[in-house]
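These notes concern the structure reproduced below.
The values are calculated or read from the model by the stated rules, or taken from the named source; none is laboratory data. Treat the numbers as computed from the prediction; the structure is a model and nothing was measured. Here Cβ is always computed from backbone atoms with ideal geometry, including for glycine, and neighbour counts include all displayed protein chains.
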Amino acid sequence: MNRETQWEVVIGLETHAQLQTKSKIFSGSSIAFGAEPNMQANAVDIALPGVLPVLNREAVVCAIKFGLAVGATIAPRSVFARKNYFYPDLPKGYQISQFEIPVVQGGGLSTRVGTGDTATEKFVHLTRAHLEEDAGKSLHEDFHGRTGIDLNRAGTPLLEIVTEPDMRSSAEAVAYARALHSLVQWIGICDGNMQEGSFRCDANVSVRRPGEPLGTRREIKNLNSFRFMQQAIDFEVQWQINEINEGRPIRQATVLFDPDTGETRAMRSKEDAHDYRYFPDPDLLPLEIRPEWIAEVGAGLPELPQAMQQRLQSEYGLSAYDAAILTGSRAMADFFSVAVGQTGAASAKLVANWVMGELAARLNR
């Protein structure tokens, strides 16, 4: 709630997590980062005549892992669709995605907003998570007056994770994004490298006065930094409030955040689902996931962060804050567990303070 002006902020996030497979979602091309432009795009990735896509099994395993980790429903049958739109870096003229029946449905993620013992719990509900392929990349900086096209990313496997509009501040949005970022690395489905584009978020932001219907949203695209996410949302919220106070309506749009100016700027009018003319992809059979497969994948999942937090509190008497910090990454949690195993449970608090304090500071340096 914006107390000064009595506005309520409404935020939902769409996150693209690049899956840790060895090859693309519908072809055998490598997804290794850093290759020369257009060296990792084959005939399937750009849909040359006569080629057929084949679904990457490991991408489905990643989706199942995520669904289980967030308490979602894994659809026994899901469908791939063609999402039709034109961009220079999408040579097929469509993206293979999922629309009406996604592979992961529902679920949610608990986060802590704030710092220290005053932090509050926030549960963010998920709408869905679906498998899709990435598009290529348009290169502007190295070509004066022209645009280069690199199709290496075309066909890279993504899991798009969509929340309900549950967040009410930029702080809540960042807390959720950090928790999600930690989780996808924890369960080994995404390396989380934001600089390389492996984890990027779109923020749907609107404002309303309390009790009013939802306002018109604007989508801030491709946020690959938690700091930029907070700055972008804060600017967008104030911009929308100012527009409404000046009597100008908010128009649905896709916007970009400029970190140099700290401002958002409209890129294009925002499309709705019907603009993409979704229809089932005729080249791909429905994806069927049997209960035995789900059970097999679930058996290989590690202890999840929230369960570990509760265990650290009950077994070692650590505070909720300490447990949350220690499970902020799988590496730190594993290191703490090994250290306590060597020193004994009686020294858990001492070990926790050392890991969170001196060790963390040295690693940061």
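Looking only at the range 259-277, count every residue that is in a loop (DSSP other than H, G, I, E, B) and either among the charged types (D, E, K, R) or within 17 Å of the chain's Cα centre (by Cα) (or both) and tell me the total. Show your work before the answer.
Let us first name the residues in the range 259-277 that are in a loop (DSSP other than H, G, I, E, B), namely 259-262, 270-272, 277.
Those still in the list that are either among the charged types (D, E, K, R) or within 17 Å of the chain's Cα centre (by Cα) (or both) too: 260, 270-272, 277.
Counting residues in the range 259-277 that are in a loop (DSSP other than H, G, I, E, B) and either among the charged types (D, E, K, R) or within 17 Å of the chain's Cα centre (by Cα) (or both) gives 5.
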Legend entry - Unmet criterion (only one of (1) outside any loop (DSSP other than H, G, I, E, B); (2) out of contact with any strand residue (DSSP E or B) (no Cβ under 7 Å at 6 or more places or on another chain); (3) in the same structural domain as R82 (by TED's automatic domain parsing)) for D283: (1)
Inset, instruction - Just need a number here: residues in the range 14-51 that are without any contact (Cβ under 8 Å) to a residue 12 or more places away in the chain, under 25 Å from the mean Cα position of the chain (by Cα) and assigned to a loop (DSSP other than H, G, I, E, B). - result: 2
Legend entry - Residues located in the range 3-61, provided they are under 30 Å from G215 (Cα atoms) and aromatic (F, W, Y): W7
Inset, instruction - Answer yes or no as to whether T120 is hydroxyl-bearing (S, T, Y) and more than 14 Å from the chain's Cα centre (by Cα). - result: yes
Legend entry - the range 33-86: number of residues that are touching a helix residue (DSSP H, G or I) at 6+ places or on another chain (Cβ under 6 Å), surrounded by fewer than 17 Cβ atoms within 10 Å (Cβ to Cβ) and among the basic types (K, R): 0
Legend entry - Considering residues of the range 120-153 that are more than 16 Å from M39 (Cα to Cα) and basic (K, R) only, the residue modelled with the lowest pLDDT: R146
Inset, instruction - For E292, work out the one condition from (1) touching a residue at least 60 places away in the same chain (Cβ under 8 Å); (2) charged (D, E, K, R); (3) surrounded by fewer than 12 Cβ atoms within 10 Å (Cβ to Cβ) it doesn't fulfil. - result: (1)
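Taking L350, is it surrounded by fewer than 16 Cβ atoms within 10 Å (Cβ to Cβ), assigned to a loop (DSSP other than H, G, I, E, B) and either not polar (S, T, N, Q) or not assigned by TED's automatic domain parsing to the domain that holds K83 (or both)? Full working, then the answer.
Working: surrounded by fewer than 16 Cβ atoms within 10 Å (Cβ to Cβ): yes; assigned to a loop (DSSP other than H, G, I, E, B): no; either not polar (S, T, N, Q) or not assigned by TED's automatic domain parsing to the domain that holds K83 (or both): yes.
No; evaluated as a whole, the condition is false for this residue.
So that you can scan it fast, the table gives a plain yes or no per residue for (1) at pLDDT 95 or above; (2) among the small types (G, A, S); (3) in contact with a Lys or Arg (Cβ under 7 Å, 6 or more places away or on another chain); (4) assigned by TED's automatic domain parsing to the domain that holds M194:
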site: I25; (1), (2), (3), (4): yes, no, no, yes
site: P37; (1), (2), (3), (4): no, no, no, yes
site: V61; (1), (2), (3), (4): yes, no, no, yes
site: K65; (1), (2), (3), (4): yes, no, no, yes
site: A72; (1), (2), (3), (4): yes, yes, no, yes
site: A75; (1), (2), (3), (4): yes, yes, no, yes
site: I96; (1), (2), (3), (4): yes, no, yes, yes
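Inspect all residues belonging to the range 79-91 and state whether any of them is part of a strand (DSSP E or B) and under 20 Å from the mean Cα position of the chain (by Cα). Spell out the reasoning first.
In the first step, residues of the range 79-91 are kept if they are part of a strand (DSSP E or B); the result is 81-84.
Next, from what is left, pick out any that are under 20 Å from the mean Cα position of the chain (by Cα): 83.
Yes, that holds for at least one residue.
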Legend entry - Unmet criterion (only one of (1) without any contact (Cβ under 8 Å) to a residue 60 or more places away in the chain; (2) farther than 26 Å from G114 by Cβ) for L223: (2)
